[in-house]
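Scroll down for the structure; my scribbles are underneath it.
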Amino acid sequence: MTSIGTARHFQPQGTPGHVCRDHNRAVLAPAVALEALRNGWGPDLTDAQLDECAAQAQRRPLSDTSRAAVRTALEPALAPADDPETVRARLFALPPGHPLRMRVEDQEYFLVPIPITL
């Protein structure tokens, strides 16, 4: 298995801190969201349940922004049959570092927005 890794290993030296935080959140949120899904929890899970999922994913305690990113990742998955306007609205309204859950046939994915610095 491979990983995108943290901003330290992916972004060039001198990348602004907010870009690095967004990158790290984009990597963290799917890992924690996956644990929530395995526990049968959705976007309405409690902070205590989020903490449990973070521990299961072997992640540190979550900031409020990271909690919101996990909850975004737990929203119902978008699928090809969904209204294009709904897909566009959800995709382009994503805050930095917030993954989007997608479903294609019988497989689910997280669309993970990794910020770049040019």
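Determine the pairs where a residue that is aromatic (Phe, Trp, Tyr), located within the stretch 33-55, has a partner that is modelled with pLDDT of 95 or more with Cβ atoms under 8 Å apart, the partner being 6 or more residues away or on another chain.
Trp41/Gln49; Trp41/Cys53; Trp41/Leu74
If I filter the stretch 16-23 for residues that are surrounded by 17 or more Cβ atoms within 10 Å (Cβ to Cβ), out of contact with any Cys (no Cβ under 6 Å at 6 or more places or on another chain), part of a helix (DSSP H, G or I) and of a type in the set (D, E, K, R), do I get at least one hit? Talk me through it step by step, then tell me what you get.
Step one: of the stretch 16-23, the residues surrounded by 17 or more Cβ atoms within 10 Å (Cβ to Cβ) are 19-23.
In the following step, the residues that additionally are out of contact with any Cys (no Cβ under 6 Å at 6 or more places or on another chain) were identified as 19-23.
Add one more test, that the residue is part of a helix (DSSP H, G or I), and what stays is 19-23.
After this cut, where a residue has to be of a type in the set (D, E, K, R) as well, the list is 21-22.
Yes, that holds for at least one residue.
Could you list, in sequence order, all residues of the stretch 1-15 that are under 26 Å from Gln107 (Cβ atoms) and part of a helix (DSSP H, G or I)?
Phe10
Within the stretch 93-112, take every residue that is out of contact with any Ser or Thr (no Cβ under 9 Å at 6 or more places or on another chain) and under 15 Å from Glu75 (Cβ atoms) and give me the one that is surrounded by the fewest Cβ atoms within 10 Å (Cβ to Cβ).
Filtering first and then ranking leaves Ala93.
Considering each of Ala81, Ala57 in turn, give the residue that is loosely packed, with under 10 Cβ neighbours inside 10 Å and over 15 Å from Val112 (Cα atoms). Walk me through how you get there before you give the answer.
Numbers: Ala57 fails: loosely packed, with under 10 Cβ neighbours inside 10 Å.
Step by step, each of Ala81, Ala57 is checked, and only Ala81 is loosely packed, with under 10 Cβ neighbours inside 10 Å and over 15 Å from Val112 (Cα atoms).
The values are calculated or read from the model by the stated rules, or taken from the named source; none is laboratory data. What you see is a predicted model, and the numbers here were worked out from it, not measured in a lab. Note that we place each Cβ from the backbone using ideal geometry, even for glycine, and neighbour counts take in every protein chain shown.
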